[in-house]
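The values are calculated or read from the model by the stated rules, or taken from the named source; none is laboratory data. Source: prediction; values computed, not measured. When we count neighbours, we look across all protein chains shown, and the Cβ atoms used for this are built from the backbone with ideal geometry, even at glycine.
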Amino acid sequence: MPSDFPQVAAILTTLARAVAAKKDWLVELDARIGDGDLGLTMDRGFSALAEESAKYAEGDIGKFFIKGGLVFNKVAPSTMGTLVSTAIMRMGKTWSGKTELALLDIVAGFEAAVTGIQERGKSQLGDKTVLDALIPAVDALKKALTEEKDLPNAFKDAYEASLEGFERTKAMQSKVGRASWFQERSIGNPDPGAGLVTIIFSVLAGKVRE
């Protein structure tokens, strides 16, 4: 049975390289309202995920993401690492048994990721977190689905929405996590987790065109 997993693995490899290239940028963002380790932990996490995908010999995409989430959590033991690994595993459960992913499946997977992050991080839209870029991106994917857009244009819209969400976090005050310690001083600085989301969707927007 044909599987989309080779394409998924290629995207994860590209994503790992993109996160590595933006590692210093993420460190800089995180140092302003956090402990400055985001770039380092995300580099380790996404690199491990890509390495795991290169060894995966099955076609079940969901099964890989469940396993990949555990791998990510092991190598990136941090607050964001926990949120990302939770998102990955929730996507995996949604895609269990699937060897191909249509836009409908992708939307369902990202919706599950959002729910997982909300539950694990006890945060919502407007709290100045990863969700402030992720939720607009997922909403853009949902809109693209209703408008019957193809994957390249759907991911293009999602990427643009994530950028807009990232920019909006500059005016917000952090309400949860370590960043909340900075209170009013967090205003004016964008959320580093939201920055990570823009990297993810920049890869998705570019990769599907290959």
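Structure notes:
- Asp43 being at pLDDT below 95, in contact with a helix residue (DSSP H, G or I) (Cβ under 7 Å, 6 or more places away or on another chain) and not β-branched (Val, Ile, Thr): no
- Tally, over segment 26-67, of residues that are in a helix (DSSP H, G or I), of a type outside the set (Phe, Trp, Tyr) and free of Cβ contacts under 8 Å to residues at least 40 places away in the same chain: 17
- Qualifying residue in segment 12-27 (condition: touching a Pro at 6+ places or on another chain (Cβ under 7 Å) and crowded, with 17+ Cβ neighbours inside 10 Å): yes
- Subset of segment 30-40 (residues that are surrounded by 18 or more Cβ atoms within 10 Å (Cβ to Cβ) and either modelled with pLDDT of 95 or more or touching a strand residue (DSSP E or B) at 6+ places or on another chain (Cβ under 9 Å) (or both)): Leu38, Gly39
- In segment 81-104, residue surrounded by the fewest Cβ atoms within 10 Å (Cβ to Cβ) [restricted to those that are of a type in the set (A, V, I, L, M, F, W, C) and either part of a loop (DSSP other than H, G, I, E, B) or modelled with pLDDT under 95 (or both)]: Ala102
- Candidates are the residues of segment 105-129 that are in a loop (DSSP other than H, G, I, E, B) and over 13 Å from the mean Cα position of the chain (by Cα); the one that is nearest to Ile33 (Cα to Cα) is Lys128.
- Across segment 156-188, the qualifying residues are those that are among the β-branched types (Val, Ile, Thr) and surrounded by fewer than 19 Cβ atoms within 10 Å (Cβ to Cβ), and the one among them that is modelled with the lowest pLDDT is Val176.
- Residues in segment 108-130 that are under 19 Å from Arg168 (Cα atoms) and either in contact (Cβ under 8 Å) with a residue 24 or more places away in the chain or among the basic types (Lys, Arg) (or both): Val114, Ser123, Gly126, Asp127, Lys128, Thr129, Val130.
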